[in-house]
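Student: Can you read through this structure? Questions will come right after.
The values are calculated or read from the model by the stated rules, or taken from the named source; none is laboratory data. Values in this document were obtained by computation on a predicted structure and should not be read as measured data. Virtual Cβ from ideal backbone geometry, glycine too; neighbours counted across all protein chains shown. Note: areas computed on protein heavy atoms with side chains; ligands, DNA, RNA excluded. Shrake-Rupley method; radii C 1.70, N 1.55, O 1.52, S 1.80 Å.
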Amino acid sequence: MRIGIVGLGLIGGSMAIDLKALGHRVLGVSRRGETCELAIARGIVDAASPDFGVLAEAELVVLCTPLGAIASTLEKLLPHLDRSAILTDVGSTKVSVVETVVPRWPNFVGGHPMAGTAESGLEAAFAGLFVDRPYVLTPLEETPQRAIAVVEEMARSLQSRVYFCSPTHHDQAVAWISHLPVMVSASLIAACMQEFDPKVLELAQQLASSGFRDTSRVGGGNPELGVMMAQFNRGALGRSLRVYRQQLDQLIEQIDQEDWSELEHRLSLTQQARPKFVE
Ligand code: NAP
């Protein structure tokens, strides 16, 4: 198959590596000429250019730019696409992407491979990134069956575990397990930094160990990604944050009231629930 990748970064580059290894003809578009040259030199793509004309022969195109660039990318891409071309994306939120793309190109299947590292850019791309990771597809009722089948086959060929759901359910689910944790973890770090006694703060920083490392990790990441989650998943993230705030209020109440049996009951329930999310 002739597959176009737009945005040769961590996700787009890793996808190009695997798809080329599977025998597809891979055509890349990226914003900077240097990135395209590097992708060609490393054999990651068969051809690449900042010019979208390189995608004229593509049967399937995967949008792998940051979420904020999807709308402008689409404008530049569509005039070059073959009328039968299938389009998909890898964006971490789905409602806004689907609402942007589908009216312009109905032959589109929203997608989200749930794989990544803390790194970004083509230099960070590697083979096998998607192996055994969830890959969520969010077709609509009116999405052409052939487009769904082609994108599903592509995701399965990367050895991902494919899940189907609506764009709304996707965004609500990732708000719980991905976007809320970033905000909670960031708030934890910010709260610690509010310690008014500098000696206590310094001691806490010296004593911080594995528990703090685990709970603060996602809050100490790239601020741009956090802002993008909030911007593109505002409704679902706001809903999750408000439920989380209620939980915190109940905890404060139980501790203030010295209601240890209720607190133990609450912590028993969370102890039982955690394995349903992660083993
Ligand atoms: P990335 O490593 O920064 O790669 C994005 C690439 O897109 C950049 O290398 C850049 O290429 C190009 N680009 C940047 N701004 C652009 C613009 N305004 N117009 C056109 N191209 C532009 O990012 P990524 O982590 O691969 O993320 C890409 C997409 O994957 C995002 O939509 C994100 O939501 C999704 N995603 C990310 C992860 C993750 O953990 N990172 C996981 C799942 C899904 P040049 O070098 O040419 O400038």
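Student: Kindly work out what percent of the DSSP beta bridges joining two residues of the chain are antiparallel, to the nearest 5.
Tutor: 10
Student: Ok, one more. For residue 78, what is the net charge nearby, where nearby means another residue's Cβ is under 15 Å from its Cβ and Lys, Arg count +1, Asp, Glu -1?
Tutor: Result for the neighbourhood of residue 78: -1.
Student: Would you calculate the separation in nanometres between label points at residue 31 and residue 209, each defined as 7 Å from the Cα along the Cα-to-beta-carbon direction?
Tutor: 4.3
Student: May I pose another question? At 1.4 Å probe size, with every protein chain present, just tell me what the per residue accessible area of the stretch 197-279 comes to in Å².
Tutor: 84
Student: A further question follows. Compute the length gained on full extension between residue 166 and residue 133: take 0.36 nm times their separation in residues and subtract their Cα-Cα distance, giving the result in nm to one decimal.
Tutor: Using 0.36 nm per residue and subtracting the Cα-Cα distance, I get 10.0 nm.
Student: Same structure, new question: Please give the peptides 31-44, 197-210 ranked by average Cβ packing (other Cβ atoms within 10 Å per residue), highest first, as a rough proxy for protection.
Tutor: By packing density, highest mean first, the sequence is 31-44, 197-210.
Student: Within the set of other residues whose C-beta is less than 15 Å from the C-beta of residue 109, count the net charge using Lys and Arg as +1 and Asp and Glu as -1.
Tutor: -3
Student: Here is a further query. Would you compute, for the Cα atoms of the stretch 2-165, the largest minus smallest coordinate along each principal axis and list the three values in descending order, in whole Å?
Tutor: Reported extents, whole Å, longest axis first: 41, 35, 29.
Student: Between rounded, prolate and oblate, where does the stretch 169-278 land on the alpha carbon gyration tensor, with a ≥ b ≥ c its root eigenvalues, rounded for a/c under 1.5, else prolate if a/b exceeds b/c?
Tutor: oblate
Student: Run the quick spin-label model on residue 84 and residue 250: label points 7 Å from Cα toward the beta carbon, then report their separation in nm to one decimal.
Tutor: 5.6
Student: For residue 243 and residue 260, calculate 0.36 nm times their separation in residues minus their Cα-Cα distance, and state this gained length in nm to one decimal.
Tutor: Taking residue 243 through residue 260 to full extension adds about 3.9 nm, to one decimal.
Student: Is the chain rounded, prolate or oblate when judged by the Cα gyration tensor, a ≥ b ≥ c being the square roots of its eigenvalues, rounded requiring a/c under 1.5 and prolate requiring a/b larger than b/c?
Tutor: Judged from the Cα gyration tensor, the chain comes out prolate (a/c at least 1.5, a/b above b/c).
Student: Between residue 231 and residue 202, what FRET efficiency comes out of the Förster formula 1/(1 + (r/R0)^6) with R0 = 45 Å and r the beta carbon distance, rounded to 0.05?
Tutor: Using R0 = 45 Å, I get an efficiency of 0.80.
Student: Further question on the same structure: Going by alpha carbons, how many degrees (0 to 90, nearest 10) lie between the helix axis of 10-21 and the longest principal axis of the chain?
Tutor: Long axis of 10-21 versus the principal axis of the chain: about 50 degrees.
Student: I'd like to check one number: the per residue accessible area of the stretch 1-149, probe 1.4 Å, reported in Å² as a whole number.
Tutor: Accessible area per residue: 43 Å².
Student: Could I ask something else about it? Ranked from highest to lowest mean number of other Cβ atoms within 10 Å per residue, what is the order of the peptides 221-227, 105-111?
Tutor: 105-111, 221-227
Student: I'd like the carbon and sulfur percentage of the solvent accessible area for the stretch 169-278, probe radius 1.4 Å, heavy atoms only, ligands and nucleic acids excluded.
Tutor: 58
Student: Hey, can you grab everything whose amide H is under 5 Å from the amide H of residue 162? Only 5+ residues off in sequence or another chain; H modelled, so Pro and N-termini drop out.
Tutor: Close amide H contacts, sequence-distant or interchain: 135.
Student: Students often check this: by mean Cβ neighbours within 10 Å, which of 86-94, 48-56 ranks highest, and how do the rest follow?
Tutor: 86-94, 48-56
Student: Nearest 10 degrees is fine. How inclined is helix 180-192 to the longest principal axis of the chain, computing both from alpha carbons?
Tutor: Between the helix axis and the principal axis of the chain, the angle is about 40 degrees.
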